[in-house]
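Visitor: First, the structure itself, so that you have it in front of you.
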Amino acid sequence: MAEISFPLPDLGEGLIDATILEWLVAPGDQVERNQPMVEVETTKSALELPSPQAGRVVRTYGEPGQSIKVGEPLIIFSVPDDSAGIVGTVPMEEAPRRRVRLTARPDED
Amino acid sequence: MSEQMMSMQQALNRALADTLRNDPTALILGEDVGTLGGVFRVTQGLAKEFGAERVFDTPLAESGILGLSVGLAMAGFHPIPEVQFDGFAYPAVNQIITQLGRMNYRSRGVFPMPVTLRVPSFGGIRAPEHHGESLEALFAHVPGLKVVSPADPQQAYSLLRYAAGLSDPVIFMEPKARYWQKAAVDMDTTQSPLGARIARPGKHVTLVAWGAMVARCLQVAELAAEDGIIVEVVDLRWLKPIDEATLTESVTRTRRAVVVHEGPRTAGLGAEVAALISEHCFDTLKAPVERVTGFDVPYPSGDLEDEYIPNIDRILFGIQRVLEHRRG
């Protein structure tokens, strides 16, 4: 397993920090990419940040009411070593699912 | 026989290592291929084993990567450049078409271009724009290039070893959606790396596919068998030149064909495959060749790609259409 740290991004044009309103995930949670992760408030607006990737949450930074500076750690994920490198996600191997049945019969002439 | 279970990443890594070991003129270059080992870890450990003079990072400039490769090839080296993602090949298209593809022709054989360009290709990994494109039709249209795509770890190892031994430029399209699945690889296989291969023999209809669509077509073949339809799957492998003999032999037996690819439909490689089958099998075909493809839109963001890439149901519908067709 490898740990990946995600810092607070610049949420506007030149904002320098954001205040944690509520964490929607907790250490130990398995999260999917784009899953709502945390609600924060900046001097411009309150907004919900989606998870940048899939993984298990190792640690979150900041309690509700606390301020975090842009570029400082926000959350740490644990991911399998064989997960996708920098871009994308490893496709899940699922049992094939179908809705279409073949009703036509080949004419054997 | 020396079979080992490995992923396509590992099979490609092994093929590159074996190439570097056997060919002292072979070089690997590209963005992050050295220290990092590539974003998909395909070149992992190679810089350490073979040295930074043979496996090296380049600036973020695909045109430069290919221009450098053309020059190195003229100087007697055998470059194996990587373009990190399909969509990043576009900035290098000028070098690929105007230099790489025709230097051998232009120089009357004085400067052959033994360049194997690796391109992680196609969609399926929920990546952003420029990370899910299918460039086979574009490159197959360029005189002087060969184009190939492996469907599984065995093909990846065999085809990369073979491509890297050619004196012609090869565009090597790696299906990134299939990088992680493991399968047995025989490093000493006697199976020919040339032409197409019948991935599953069948009887009623031939599915023609390449890259990641081969695995999906094999799933479809399993499902169709439940309905009594015995599907043959042809893994085309070489997209230029296309193995017309294997295609013709298969469709002459099954008398129906469906070609499946991720790229847009209009002027996609499926059109070429359909034309070849029509030319060679016109009198035996029971239905027009069906195409199940991506759509004529820019490749969508990851959240929508399942709607874009041919899925099991769309392929089954394609089979249904060729089975239902009756001559008027």
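Visitor: R0 = 51 Å: FRET efficiency of residue B:192 with residue A:4, Cβ-based, nearest 0.05?
Guide: 0.75
Visitor: Which lysines does residue B:48 reach when only Cα atoms under 27 Å apart count, and residues fewer than 8 places away in its own chain are ignored?
Guide: In chain and number order, the partners are B:176, B:182.
Visitor: Shielding of B:306-314 by partners, i.e. mean partner chain Cβ atoms within 10 Å per residue?
Guide: Partner-chain Cβ atoms within 10 Å, mean over residues of B:306-314: 2.
Visitor: Would you mind giving the mean number of other chain beta-carbons within 10 Å of the Cβ of each residue in B:212-220, as a whole number?
Guide: Averaged over the peptide's residues, the number is 1.
Visitor: If the label point is 7 Å along Cα→Cβ of residue A:21, which residues in the stretch A:47-78 have backbone nitrogen under 14 Å from it?
Guide: Backbone N within reach: A:47-50, A:64-66.
Visitor: Further, regarding this structure: List the lysines whose alpha-carbon lies under 19 Å from that of residue A:44, not counting same-chain residues fewer than 8 positions away?
Guide: Those lysines meeting the cut-off are A:69.
Visitor: Taking the alpha-carbon distance from residue B:286 and a cut-off under 22 Å, which lysines remain once sequence neighbours fewer than 8 residues away in the same chain are dropped?
Guide: B:203
Visitor: Say each of residue A:47 and residue B:48 gets a label point 7 Å from the Cα, pointing the same way as Cα to Cβ; how far apart are those two points in nm?
Guide: 4.0
Visitor: To continue, here is another question. Hey, what did the stretch B:120-174 get for relative contact order, percent, Cα under 8 Å, at least 6 apart?
Guide: Normalised by residue count, the contact order of the stretch B:120-174 is 36 percent.
Visitor: Next up: Full extension from residue B:225 to residue B:295: what is 0.36 nm times the residue separation minus their Cα-Cα distance, to one decimal in nm?
Guide: 22.4 nm
Visitor: Okay, next question. In nm, to one decimal, how far is the modelled label at residue B:325 from the one at residue A:30, with both set 7 Å along Cα→Cβ?
Guide: 4.5
Visitor: Once you put a point 7 Å from the Cα of residue B:102 and another 7 Å from the Cα of residue B:303, both along the Cβ direction, what distance in nm separates them?
Guide: Calculated label separation equals 4.4 nm.
Visitor: Work out how much length residue B:317 to residue B:56 would gain on full extension: take 0.36 nm times their residue separation and subtract the Cα-Cα distance, in nm to one decimal.
Guide: Working: separation 261, 0.36 × 261 = 93.96 nm, distance 4.72 nm.
Going from the current span to full extension adds 89.2 nm.
Visitor: Next up: Rank-order A:29-39, B:254-264, B:292-302 by packing density, defined as the average count of other C-beta atoms within 10 Å over each peptide's residues, highest first. Before the final figure, lay out each step's value.
Guide: Numbers: A:29-39: 16.0, B:254-264: 25.4, B:292-302: 17.8.
Ranked by mean Cβ neighbours within 10 Å, highest first: B:254-264, B:292-302, A:29-39.
Visitor: So what J values fall out for the stretch B:92-99 if you push phi through Karplus, 6.51 cos²θ - 1.76 cosθ + 1.60 with θ = phi - 60°, rounded to Hz, Gly and Pro as x?
Guide: 9, 4, 4, 4, 5, 7, 7, 10
Each value in this text was obtained by applying a stated rule to the coordinates, not by laboratory testing. All figures in this text were calculated on a predicted structure; none of them were measured in a lab. Cβ: placed from backbone, ideal geometry, glycine included. Neighbour counts: every protein chain shown.
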